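The values are calculated or read from the model by the stated rules, or taken from the named source; none is laboratory data. What you see is a predicted model; the values in this text were computed from it and never measured. Using ideal geometry, Cβ is built from the backbone for each residue, glycine included, and neighbour counts are taken over all protein chains shown. These area figures cover heavy atoms from the full protein model, side chains too; ligands, DNA and RNA do not enter into them. Shrake-Rupley method; radii C 1.70, N 1.55, O 1.52, S 1.80 Å.
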Amino acid sequence: MDGSAPERREVVIPGDLLNGHGLKPGSGTFNEGGRIYAARVGIVAEREGFVDVIPLSGRYIPRPGDVIIGKITDLGPSHWLVDINSPYPAPLNAKETPWMVEFGDTDRYLRVGDVILAEIVSVDEAMRVQLSMADRQFGRLTGGQVLDISPAKVPRLIGRDGSMVALIREFTNVRMFVGQNGRIWIDGDPEGVHHAAHVIKVIDASGPAPGLTDQVRAYLEAAYGRRATTPAERDDDGRH
Amino acid sequence: MEDIEHIPKELKLIDAKGIRLDGRRADELRPIKIEAGVLKKADGSAYLEWGNNKVLAAVYGPREAHPRHLQDPAKALVQCRYNMAPFSVTDRKRPGPDRRSVEISKVISEAFSAVVFVEQFPRTSVDVYIEVLQADAGTRCAGLTAASVALADAGIPMRDLVTSCASGKIGGVVALDLNKDEDNFGEADCPMAIVPRTGEIVLLQMDGHLTAAEFDEAMELSIGAAKQIYELQRDALRRRFASVAEAAQREAEREPPREEPPREMPPEMPEDLPPEVDDL
């Protein structure tokens, strides 16, 4: 999908045969007897020689490299346990933080209930997750509020190359982090937060059809009574 | 248990013309209605009406399996709970699991384990809850059919939907999809579930007696009906996801970017959500 004609996006159902001629089965698909079938409800997309089914629902399954928003649920002498809104608990080792944490001193840095922005470093085949917040962009999030949306809607909220997030930031002036795990942290003046939260809820409730960016832009332009400076985008993609 | 006084003694379950008590022919299904995505808090859900059966199915997960010792380090568990509401039958059903519902839960979870890609989610469990609100024979088939739609709605990767149907023998005739009277007073009932794409059988039970020829006939009826039910399941899922797609499309078309003077309050969007009602 390359911004040309807005094609009809067909919803596939588990067991649907996909037209994967000369393509390899990607995520959300499986191969049986040389044919590719959809494994979950979603929308078909082709990318780099793979057929994928972009999910429309489902839980967050951690993948290496994802930036997530986690909540501290427990702490040990040299690590914290983080709820990353997935079936798998994620430990954050004290070494993977920007601080020099002494053994047993973990509660001086992060406590139960704190919210962090972190990265998933690795996920092994047994789905054991390793987190890191050593990089400068990561850290503890103070103030603001955390919203939960369906993880399947996160790519839509980000928009192509972050266009949707940029649009929301431009108007509302909120500080905003979008975690791949369906958690969004926003902070700013009450009006901006109100509008941003509304837009996020609309995106969460919306389906896979194109035109969402325009819809959000219309809302924000009407709410703030001025035009957007970002160029209009006809076809916002489900991916980023 | 069941009051049968109202049924005349000479009444036949199926008459000479092959018409049953409820007016169906031997190879006819009861009307089926499926709706997907009916519960907000569940990851996936479906509501199904099958004749006088009313069934609600909810799916949660994949989520951390509890208790921990049940976790399988190599794959996900598919756990199912089939439960009949106390008001689902004419005599009040004593609430809670009994031998029958434990058995049905087991066979249904095994049927789903055959299609779900369990190895993609080690150490988790996928929990399927089937609540029978109103029962009129064939509830395990109804429950399984609904739960299969709920699993797909939850975005659980699987090889195909599972479709289920029963056939039996009434008044000496092999008939499709028995209702309560036919089940009680007929000779046999044989529920089964298949993976329609491959024809694989994932559940097969029988209550009563059928000869090998009658069994083959019953299976043929059930498999034929399963194809119809499969289409209903797929249609329910397409409606579930197409409706959001079309709603958003219409929304986008109806509301072109407006140019208005600045206002104090933002205009309300048509699908305006009530402020801050979540986070319970």
Legend entry - Value of Rg to Rh for segment B:1-85 (Rh from inverse mean 1/r over Cα pairs, i.e. Kirkwood): 1.19
Inset, instruction - Would you mind computing, in nm to one decimal, how far apart the modelled labels at A:Asp107 and A:Glu191 are, each placed 7 Å from Cα along Cα→Cβ? - result: 4.3
Inset, instruction - Can you give me the three principal axis dimensions of segment B:27-240 from its C-alpha atoms, in Å, biggest first? - result: 50, 40, 35
Legend entry - Charge-dipole axis of the protein assembly as shown as Lys and Arg at +1 and Asp and Glu at -1 on Cβ define it, positive-most pick from B:Pro67, A:Thr29, A:Gly159: B:Pro67
Inset, instruction - With a 1.4 Å probe and every protein chain left in place, tell me how much accessible area A:Trp185 has, in Å² to the nearest 10. - result: 10
Inset, instruction - Would you work out which of A:Gly113, B:Val89, A:Leu131 lies farthest towards the positive end of the dipole of the protein assembly as shown? Charges go on Cβ: Lys and Arg +1, Asp and Glu -1. - result: A:Leu131
Inset, instruction - Using just the alpha carbons, could you tell me how many Å³ per residue the convex hull of the protein assembly as shown encloses? - result: 186
Inset, instruction - Go through segment A:96-105 residue by residue and turn each phi into a ³J(HN,Hα) via Karplus (6.51, -1.76, 1.60, θ = phi - 60°); whole Hz please, and just put x for glycine and proline. - result: 8, 10, x, 9, 8, 8, 6, 4, x, 9
Inset, instruction - Using per-residue counts of other Cβ atoms within 10 Å, averaged over each peptide, order A:33-42, B:140-149 from highest down. - result: B:140-149, A:33-42
Legend entry - For segment A:145-232, accessible area per residue (1.4 Å probe, heavy atoms of protein chains only), Å²: 31
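Evaluate the relative contact order of chain A (contact order divided by residue number), counting alpha-carbon pairs under 8 angstrom at least 6 apart; express in whole percent. Kindly include the intermediate steps, with their values, before the conclusion.
Numbers: 488 pairs, mean separation 38.8, N = 240.
Contact order relative to length: 16 percent.
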Inset, instruction - Quick one: dipole size for chain A, taken about the Cα centre, charges +1 on Lys/Arg Cβ and -1 on Asp/Glu Cβ, in debye to the nearest 20. - result: 220
Inset, instruction - Distance check, please: which entries in A:Lys201/B:Lys75; A:Lys24/B:Lys54; B:Lys41/B:Lys75; B:Lys41/B:Lys106 exceed 31 angstrom between their Cα atoms? - result: A:Lys201/B:Lys75; A:Lys24/B:Lys54
Inset, instruction - Could you name the lysines whose alpha carbon sits less than 27 Å from that of B:Lys17, not counting residues in the same chain fewer than 8 places away? - result: B:Lys9, B:Lys169, B:Lys180, B:Lys227
Inset, instruction - Over all alpha-carbon pairs of segment A:11-55, lay out the pair-distance distribution in 10 Å bins, whole %, shortest bin first. - result: 37, 59, 4
Inset, instruction - Mind listing the long-range amide H neighbours of B:Ala188? Cut-off is under 5 Å, sequence gap 5 or more, other chains count too, H placed in the peptide plane at 1.01 Å from N. - result: B:Lys169
Legend entry - Cα principal axis extents for segment B:129-210, largest first, Å: 43, 30, 14
Legend entry - Interchain or long-range residues, amide H under 5 Å from A:Thr29's placed H: A:Ala39, A:Val53
Legend entry - For the pair A and B, total buried accessible area rounded to nearest 100 Å², probe 1.4 Å: 4100
Legend entry - Relative contact order computed over segment B:27-240 (Cα-Cα under 8 Å; 6+ residues apart), in percent: 23
Inset, instruction - Select from segment A:1-99 those GluC sites (Glu not before Pro) which occupy a DSSP coil region and have at most 10 other Cβ atoms within 10 Å, ordered by residue number. - result: A:Glu7, A:Glu48
Inset, instruction - Round to the nearest 10 and report in Å² the accessible area of A:Ser27, as given by a 1.4 Å probe over the protein chains' heavy atoms. - result: 70
Inset, instruction - Partner chain Cβ atoms within 10 Å, averaged over the residues of A:146-153 - can you pull that number for me? - result: 1
Inset, instruction - Give the dimensionless ratio obtained when the Cα radius of gyration of chain A is divided by 2.2 N^0.38 Å. - result: 1.12
Legend entry - Descending semi-axes in Å of segment B:166-231, equivalent ellipsoid built from Cα gyration tensor: 20, 12, 10
Legend entry - Alpha-carbon Rg with Dmax, taken over segment A:86-125, Å: 11.6, 33
Legend entry - Share of Cα-Cα pairs in segment A:67-141 lying beyond 20 Å, as whole percent: 19
Inset, instruction - Normalise the Cα radius of gyration of segment A:145-232 by 2.2 N^0.38 Å (N = residues in it) and let me know the number. - result: 0.97
Legend entry - Under 5 Å, built H, 5+ apart or other chain: amide partners of B:Gly155: A:Val41
Legend entry - Surface per residue (accessible, 1.4 Å probe) for segment B:27-240, Å²: 41
Inset, instruction - Treating each Cα of segment A:113-179 as an identical point scatterer and ignoring solvent, apply the Debye formula and state log10 I(q)/I(0) at q = 0.19, 0.21, 0.27, 0.28 Å⁻¹. - result: -0.99, -1.13, -1.26, -1.26
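Quote the FRET efficiency, to the nearest 0.05, computed for B:Phe87 versus A:Ser132 with a Förster distance R0 of 56 Å and r equal to the Cβ-Cβ distance.
With a Förster radius of 56 Å, E is 0.55.
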